[in-house]
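Below: one structure, written as structure tokens.
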Amino acid sequence: MQHVSPIREPLVTGGKTYHDITEDVCRQVEAKPNVRWAAALAVALVGLAIFLYSVYRTLWYGIGEWGLNKTVGWAWDITNFVWWVGIGHAGTLISAILLLFRQKWRTSINRAAEAMTIFAVICAAMFPVLHMGRPWLAYWVLPLPNTFGSLWVNFNSPLLWDVFAISTYFSVSLVFWYIGLIPDFATIRDRATGPIARRAYSILSMGWTGSAKAWSRYETVSLILAGLATPLVLSVHTIVSMDFATSVIPGWHTTIFPPYFVAGAIFSGFAMVLTLMIITRKVFFLEHYITLEHVESMNKVIILTGSIVGIAYTTEFFIAWYSGVEYEQYAFINRAFGPYWWAYWSMMTCNVITPQLFWFRKIRRSLTATFIISIFVNIGMWFERFVIIVTSLHRDYLPSSWAMFSPTIIDIGIYVGTIGLFFTLFLLFCKYFPVVNMAEVKAILKSSSEVKHHHTSHAKSMHGTAPESNTNTHHSNE
Amino acid sequence: MNKKFVLGIYDDEDVLLEAIENVRAAGTKIYDVFSPYPVHGIDDVLGIKRSRLPIVAFFCGLFGTSFALWMQIWMLGFDWPMIIGGKPHISLPAFIPVTFELTVLCAAFGMVITFFIVSRLKPSTKVNVFDKRSTDDKFVMAIEVKEGVTDMSALNNLLRNNGAIEVNEKEVIK
């Protein structure tokens, strides 16, 4: 249907047909890898090698390879853990919450964003596991009776809640992502020419035929999974924030943490989605599917969550003063003007000031500006986690134990290495999986694209309603 | 046993919905409809009943809740009671996060596994797709042909008159 709404811009531009969508998305799966992709993969593999070497050093020589000391017992490891988990949140938010809100603009970006979630959670999980020092005993966090008898894990501990939260989040996100991939794998299977590709995508597509009954169940499953994933997203970062909030360290022991961490997670996640999508659309020629409209919508989410984060910083400061607790007051003065002032002000600049530029429509719709700001937000959110963790720990109640933290080369290696791991996984995903959810984009094509369809008048006269409203009414019955 | 099908190919979802209604009104039983994406409103015209998967999800979730609560209460309250942070053995508020996570986990996995079973989805290399274009850009309506009963030319006309761009025949070896 031709796009008629005067308020909303088309979500798919360029007058695409259903077949064009299949062609455009399958092209990069079917074509030989291009040079740019191979070059990017090579860089990512260097990062992966750094990761493996740093992990080897950590495991062979122990956690002493890290810059941790008696006072600062958590530093880059937990900073990176919280940062990566936060980045993961945008994927589930886009696929679950925006699905429940019937936001059609999610369809072009949800696939890549969900992949980002999976890979970010894998990167995140590396840190607590490595921090255990003996990852081969990681199964001790499960409620299994240990070798000494029936002593159980401590269900009162937020660190154990994390185990359940992260593993549930990872597995449910993985299933959600995979369910969405099945119909698209079927499309690739039916187009495949080589025997290996046909075999591989046949297995991956689970014998999907696209029958009406299967679609009906598929939609029910997607909707319920979205309903389950929505509180899950909020719970995961809430629980992560409780790792800090249930302690008695000044600067950590605050009730604002759960909502503040969740907002920060969505903020950093959307920034990472933007960083990735701006590159992906260019590399894979998906400009007609991931349009300026999509970028603008995501930038609006960034303004909202960025402002929430800014309010949270101010509130923390106010409450520290208002509480009248001198330790709490000192913790915050120390954050802003103590030895880690540069981290605090980097955080403030990147997270509070920069995203406010998106109030200007010109900046919101500029790809270059968006890309730069999204990088700033990623950096700012890393500093936020660093500030919370390190500045709170390095000076606690007892001045005699005050210390500074500086990372070792291994600390830096693991962090840079997880970025390599992330991009290795993401690049492999881009090449072998459909980056855009074809089935969902096809489903919104009639109502939200520029395409002119020859059945327009026919359909209108038959149903007596515009197809747009037709789609919506049926949607709500499922 | 071989089964024979007549396939009506459509290229527009609204035409398809109209056609399904008319074909069913003409007394012809539709075997199945295949589409590249979920067509909204097709459940009503095809007479597909609402899925009971939400009920499955609910009961799996309920199992998750009860299992998680039982596990934590039994482990920390009865099997090996310990005082941690001055809290009672059965400190329900502290058990909520794990209970919530297991509820979601069981509901999601229970529902998805049921979905795979009832939709007969499993990793396999042999797939019977009636018309490969149905995963690309065409909508395919399949009608089973009963030897000696089905009037082929009437069926052909019925489909063509309702907007089918092609009518094909296909034999499937069962």
Could you give every pair whose Cβ atoms fall below 7 Å, whose first residue belongs to segment A:15-42 and is open to solvent by 60 Å² or more (accessible area, probe 1.4 Å), and whose second residue is assigned to a helix (DSSP H, G or I), counting only separations of at least 6 or pairs across chains? A:PRO33/A:LYS431; A:ARG36/A:VAL283
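State whether one or more residues within segment A:7-24 are more than 23 Å from A:ALA265 (Cβ to Cβ), aromatic (Phe, Trp, Tyr) and outside any loop (DSSP other than H, G, I, E, B). Working first, answer last.
Within segment A:7-24, the first condition is being more than 23 Å from A:ALA265 (Cβ to Cβ), and the residues that meet it are A:7-24.
Narrowing the set further to residues that are aromatic (Phe, Trp, Tyr) leaves A:18.
Next, only the ones that are outside any loop (DSSP other than H, G, I, E, B) stay: A:18.
Yes, segment A:7-24 contains at least one residue that is more than 23 Å from A:ALA265 (Cβ to Cβ), aromatic (Phe, Trp, Tyr) and outside any loop (DSSP other than H, G, I, E, B).
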Give me the residue from segment B:36-70 that is small (Gly, Ala, Ser) and farther than 30 Å from B:VAL140 by Cα and, out of that set, surrounded by the fewest Cβ atoms within 10 Å (Cβ to Cβ). B:SER66
Within segment B:1-35, considering residues that are in contact (Cβ under 8 Å) with a residue 40 or more places away in the chain and among the acidic types (Asp, Glu), the one surrounded by the most Cβ atoms within 10 Å (Cβ to Cβ): B:GLU13
Among the residues of segment A:144-161, are any in contact (Cβ under 8 Å) with a residue 12 or more places away in the chain, within 20 Å of the chain's Cα centre (by Cα) and crowded, with 20+ Cβ neighbours inside 10 Å? no
Pair list, Cβ < 7 Å and 6+ apart or interchain, from segment B:128-147 residues that are facing chain A (nearest Cβ under 9 Å) to residues that are in a helix (DSSP H, G or I) and surrounded by fewer than 17 Cβ atoms within 10 Å (Cβ to Cβ): B:ASP136/A:HIS19; B:ASP137/A:HIS19
Hits in segment B:71-94 - residues which are surrounded by 13 or more Cβ atoms within 10 Å (Cβ to Cβ) and of a type in the set (Phe, Trp, Tyr): B:TRP74, B:TRP80
I need a count of the residues in segment B:69-101 that are at the interface with another protein chain (Cβ under 7 Å from one of its Cβ atoms) and out of contact with any Lys or Arg (no Cβ under 8 Å at 6 or more places or on another chain). 15
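Residues that are open to solvent by less than 80 Å² (accessible area, probe 1.4 Å): list the helices (runs of 4 or more DSSP H) wholly contained in segment A:313-385 that include at least 3 such residues. Lay out the reasoning, then the answer.
On the way: elements: A:326-337, A:341-347, A:361-364.
Ranges flagged: A:326-337, A:341-347.
So which residues in segment A:70-89 are of a type in the set (A, V, I, L, M) and more than 17 Å from A:ILE419 (Cα to Cα), if there are any at all?
Initial filter on segment A:70-89 (of a type in the set (A, V, I, L, M)): A:72, A:75, A:78, A:82, A:85, A:87.
A:VAL72, A:ALA75, listed by residue number.
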Residue list for segment A:417-450, filter: in contact with a Gly (Cβ under 9 Å, 6 or more places away or on another chain), open to solvent by 10 Å² or more (accessible area, probe 1.4 Å) and of a type in the set (Phe, Trp, Tyr): A:PHE423
Considering only residues that are more than 10 Å from chain B (Cβ to nearest Cβ) and free of Cβ contacts under 8 Å to residues at least 40 places away in the same chain, look in segment A:209-244 and name the one that is surrounded by the fewest Cβ atoms within 10 Å (Cβ to Cβ). A:LEU234
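Looking at A:PRO399, A:PRO407, which one is within 19 Å of A:LEU130 (Cβ to Cβ) and either open to solvent by 20 Å² or more (accessible area, probe 1.4 Å) or of a type in the set (Gly, Ala, Ser) (or both)?
A:PRO407
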Identify, by number, the condition in (1) within 26 Å of A:PHE376 (Cα to Cα); (2) crowded, with 20+ Cβ neighbours inside 10 Å; (3) modelled with pLDDT of 90 or more that A:LEU45 doesn't meet. (2)
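The values are calculated or read from the model by the stated rules, or taken from the named source; none is laboratory data. Computed from a prediction, not measured in an experiment: that's the story for all the values here. Counting neighbours? That spans all protein chains shown, and the Cβs are built from the backbone with ideal geometry, glycine included. Only protein heavy atoms, including side chains, enter the accessible area calculation; ligands, DNA and RNA are left aside. Shrake-Rupley method; radii C 1.70, N 1.55, O 1.52, S 1.80 Å.
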